[in-house]
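The values are calculated or read from the model by the stated rules, or taken from the named source; none is laboratory data. For clarity, every value in this text was computed on a predicted model and none was experimentally measured. Note that we place each Cβ from the backbone using ideal geometry, even for glycine, and neighbour counts take in every protein chain shown.
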Amino acid sequence: MESYQAERERMVKYQIEARGIKDKRVIKAMQSVPRHLFLPKESWSYAYGDSPVRIGRGQTISQPYIVALMTELLEVQEAHRVLDVGTGSGYQAAILGELAAEVHTIERHPELAETARQHLIDLGYQNIHVHVGDGTLGYPPAAFYDRIIAAASAPRVPDPLLQQLAEGGRLVLPVGSRFSQHLEVWTRQGEKFKKSNSIPVVFVPLIGEAGWDGDDPD
């Protein structure tokens, strides 16, 4: 099987480190995880480019830099339990699986969830659990989470996600309109939550009871 290691090294050097990502564990994970294997084979040539790639059902695998930035903002430690909202291809879950003790990832499209699950099994991840459901409601059976990340945009931070954060927990997600958002970073101290903003971004909408109404395109 083709490794694409050289492409990953170039991706990290020119797209990630050059833009200021410094967390050594995040950089190592981005160098290690075979991003192309989370895409259909006909899209492998785009896997390490500086852009998102469509994966079907109106979803994308995020631009490598954005994956690295959001992961760095999340500040994942080895003992953490993480919730990944919007499994998509499974790539973000794999990056988190390199960093955390346990990852729960939730996807509302069963076919995407099953494909991601198979990719993660094939790559040998035993600490990542894929679930099907409304990610705007989190995944209560495994709460509480030290870290929560969402790879789709909401009109406001979904309250169920905040409520499933553990004490001292941290949440990263894009918030704004359907066509323009900022990354928000939320932290929990008791029943109080503190918010800060990062860069402007554009993500697909987070559809669900505590997100956007409606559906996205096939």
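Scanning region 182-214 for residues being under 16 Å from the mean Cα position of the chain (by Cα), without any contact (Cβ under 8 Å) to a residue 60 or more places away in the chain and under 21 Å from Arg54 (Cβ atoms) gives a total of 2. Scanning region 49-60 for residues that are over 15 Å from the mean Cα position of the chain (by Cα) and crowded, with 19+ Cβ neighbours inside 10 Å yields nothing. Sort out which residues of region 134-164 are more than 23 Å from Leu69 (Cα to Cα), crowded, with 16+ Cβ neighbours inside 10 Å and in contact with a Gly (Cβ under 9 Å, 6 or more places away or on another chain), and write them in order of number. Across region 134-164, the qualifying residues are Asp134, Leu137, Tyr139, Phe144, Pro160.
Thr60 meets each of the listed conditions (1) part of a strand (DSSP E or B); (2) at pLDDT 95 or above; (3) out of contact with any helix residue (DSSP H, G or I) (no Cβ under 7 Å at 6 or more places or on another chain) apart from (2). Of all the listed residues (Tyr4, Tyr14), the sole one being surrounded by fewer than 21 Cβ atoms within 10 Å (Cβ to Cβ), in contact with a Pro (Cβ under 7 Å, 6 or more places away or on another chain) and hydroxyl-bearing (Ser, Thr, Tyr) is Tyr4. In a strand (DSSP E or B) and basic (Lys, Arg): is that true of Arg117 in this structure? No: the conditions fail for Arg117.
Residues in region 19-57 that are assigned to a helix (DSSP H, G or I), touching a helix residue (DSSP H, G or I) at 6+ places or on another chain (Cβ under 8 Å) and charged (D, E, K, R) were compared, and the one that is nearest to Val202 (Cα to Cα) is Arg19.
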